[in-house]
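Novice: Submitted below is the structure of interest, expressed as structure tokens.
The values are calculated or read from the model by the stated rules, or taken from the named source; none is laboratory data. Being a predicted model, the structure only gives us computed values, none of them experimental. Here Cβ is always computed from backbone atoms with ideal geometry, including for glycine, and neighbour counts include all displayed protein chains.
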Ligand code: ACO
């Protein structure tokens, strides 16, 4: 399979075919417009490959997700999040020495510049934590030099990963009016984050192992997902050679929407609404199926996964483990399980291949951990950060990268003459 043929307007065009290591096939149209004058039209880019990438492989039909070749099921249960960060960014699992140096670097850089604390004071107490996170990550650009050299890139990547969790925890402390807590170098990423959120200067907080493990798993499950909305945003902004922190702030904002990372917050709000209305999940499903109602079953459906989302399977089990350990009964979990069962047996969802995605159960775990609903997407962003960084780095190092600049089919008015104000009807 070397090329494909396109017949357009009586002429034949040969399109080179590119095949990936897992057999994915792409028709290369880079010369199509120059040769034929035509462009392709693909709203939402569902059939468009925007780059070549060695980072993450997804087979949506088979429910497969691998980072750098390693199955998500193995990483989520056996690896540490900081190890997965290294794997995604540098392509290989770190050996002992590399990992020790990596962790040392991450802890050395985990403090934020004391001047940045003033920014937190400026935000209103009810500000959405995603607004604060994206602003603070972008503000890092004002404190650290542009990554001109490879060493500069390495340092800024380290700074970003290390400081983001501190910024996230400070955001939470700000929202509840408590003094901030500083990171402790010997703690894991997940334990540090939870401790910075829940300890106070007068009361220490012993991070329960089960919560540390569950958070570690969640962060790994979120760590990369190839060319999704926020990652494509990072690559889009990065293609103009904007600096690392600015690209990451753009990714955070791309993630925020309810159709993407904001879905974990939207799922809990949906479950709460069903609960408040008497728990009638069947009635809610009827509303979802009635297109006029404009209601979606949040946490269901995915652009790529059409059989199951492997991350949702792992998360469902983690949700059970956390709730069992805490001894907490969450009626929302029962509603979620009932909704899932009813939807999976319903023709509407079966025909459209709609299955629970990663966000369907993640909010339930976050809530059991005591994390406020508005912080859920912040946790997603912390998990996705290494993926964004890896994709940004790959894009930067790829000689094929050009500034991203899609075309369009113009459908507006054709040329017309300006009408002065007093002559307009
Ligand atoms: N509830 C009800 N119907 C749905 C849902 C849903 N959650 N998702 C898709 N559909 C229906 C659509 O109405 C459409 O029906 P139609 O063919 O009769 O018009 C069909 O399924 C296809 O849906 P699209 O919107 O075209 O699918 P797309 O790939 O563009 O969207 C998305 C994917 C955004 C994830 C969508 O399924 C959705 O809105 N889900 C709910 C939000 C959500 O959970 N987002 C998180 C995704 S995971 C992540 O980003 C981390």
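Listed here are the residues, each with its yes/no results for (1) surrounded by 21 or more Cβ atoms within 10 Å (Cβ to Cβ); (2) touching a residue at least 12 places away in the same chain (Cβ under 8 Å).
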{"residue": "209", "(1), (2)": "no, no"}
{"residue": "214", "(1), (2)": "yes, yes"}
{"residue": "260", "(1), (2)": "no, yes"}
{"residue": "264", "(1), (2)": "yes, yes"}
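Novice: Another question, if that's okay. Going by what's in this entry, would residue 66 be described as farther than 30 Å from residue 176 by Cβ and not assigned by TED's automatic domain parsing to the domain that holds residue 306?
Specialist: Considered against the rule, which asks whether it is farther than 30 Å from residue 176 by Cβ and not assigned by TED's automatic domain parsing to the domain that holds residue 306, residue 66 comes out as yes.
Novice: Does residue 226 count as more than 20 Å from the chain's Cα centre (by Cα) and within 28 Å of residue 305 (Cα to Cα)?
Specialist: Working: more than 20 Å from the chain's Cα centre (by Cα): no; within 28 Å of residue 305 (Cα to Cα): yes.
It is false that residue 226 is more than 20 Å from the chain's Cα centre (by Cα) and within 28 Å of residue 305 (Cα to Cα).
Novice: Please go through segment 267-280 and give me each residue that is free of Cβ contacts under 8 Å to residues at least 40 places away in the same chain and touching a helix residue (DSSP H, G or I) at 6+ places or on another chain (Cβ under 9 Å), ordered by number. Walk me through how you get there before you give the answer.
Specialist: The initial filter retains those residues of segment 267-280 that are free of Cβ contacts under 8 Å to residues at least 40 places away in the same chain, namely 270, 273, 276-278, 280.
Residues satisfying the conditions are 270, 273, 277, 280.
Novice: Is it true that residue 253 is more than 20 Å from residue 312 (Cβ to Cβ), within 16 Å of the ligand (Cβ to nearest atom) and touching a residue at least 40 places away in the same chain (Cβ under 8 Å)?
Specialist: On the way: more than 20 Å from residue 312 (Cβ to Cβ): yes; within 16 Å of the ligand (Cβ to nearest atom): yes; touching a residue at least 40 places away in the same chain (Cβ under 8 Å): yes.
In short, yes.
Novice: With the requirement that a residue be assigned to a strand (DSSP E or B) and either surrounded by 14 or more Cβ atoms within 10 Å (Cβ to Cβ) or at pLDDT below 95 (or both), what does segment 1-36 give you? Let's see the steps before the verdict.
Specialist: Filtering segment 1-36 for residues assigned to a strand (DSSP E or B) gives 3-8, 11-19, 25-27.
Listed by number, the residues that qualify are 3, 4, 6, 13, 15, 26, 27.
Novice: In segment 281-302, how many residues are at negative phi, without any contact (Cβ under 8 Å) to a residue 40 or more places away in the chain and not in a helix (DSSP H, G or I)?
Specialist: Matching residues across segment 281-302 total 3.
Novice: Name the residues in segment 367-378 that are more than 12 Å from the ligand (Cβ to nearest atom) and modelled with pLDDT of 90 or more, would you? Can you show your working first?
Specialist: Initially, segment 367-378 is screened for residues more than 12 Å from the ligand (Cβ to nearest atom), giving 367-375, 378.
Of everything in segment 367-378, those that are more than 12 Å from the ligand (Cβ to nearest atom) and modelled with pLDDT of 90 or more turn out to be 371, 372, 373, 374, 375, 378.
Novice: Go through segment 276-323 residue by residue and tally those that are under 21 Å from residue 367 (Cβ atoms) and within 12 Å of the ligand (Cβ to nearest atom).
Specialist: Going through segment 276-323, the residues under 21 Å from residue 367 (Cβ atoms) turn out to be 276-279, 281, 284, 296-300, 309, 311-323.
Of the ones still in play, those that are also within 12 Å of the ligand (Cβ to nearest atom) are 284, 296-300, 309, 311-312, 315.
Counting residues in segment 276-323 that are under 21 Å from residue 367 (Cβ atoms) and within 12 Å of the ligand (Cβ to nearest atom) gives 10.
Novice: Considering only segment 320-425, give the helices (runs of 4 or more DSSP H) lying wholly within it that have at least 3 residues that are touching a residue at least 60 places away in the same chain (Cβ under 8 Å) and out of contact with any helix residue (DSSP H, G or I) (no Cβ under 6 Å at 6 or more places or on another chain). Walk me through it before giving the result.
Specialist: Numbers: elements: 331-344, 347-351, 359-368, 376-397.
Hits in segment 320-425: 376-397.
Novice: Related question: Would you say residue 395 is modelled with pLDDT of 95 or more and surrounded by 12 or more Cβ atoms within 10 Å (Cβ to Cβ)?
Specialist: On the way: modelled with pLDDT of 95 or more: yes; surrounded by 12 or more Cβ atoms within 10 Å (Cβ to Cβ): yes.
Answer is yes for this residue.
Novice: Looking at segment 336-362, which of its residues are within 16 Å of the ligand (Cβ to nearest atom) and under 27 Å from residue 216 (Cβ atoms)?
Specialist: Hits for segment 336-362 are 336, 340, 355, 356, 357, 358, 359, 360, 361, 362.
Novice: Follow-up question, since we're still on this one. So how many residues does segment 59-102 have that are touching a helix residue (DSSP H, G or I) at 6+ places or on another chain (Cβ under 6 Å) and modelled with pLDDT under 95?
Specialist: Result for segment 59-102: 1.
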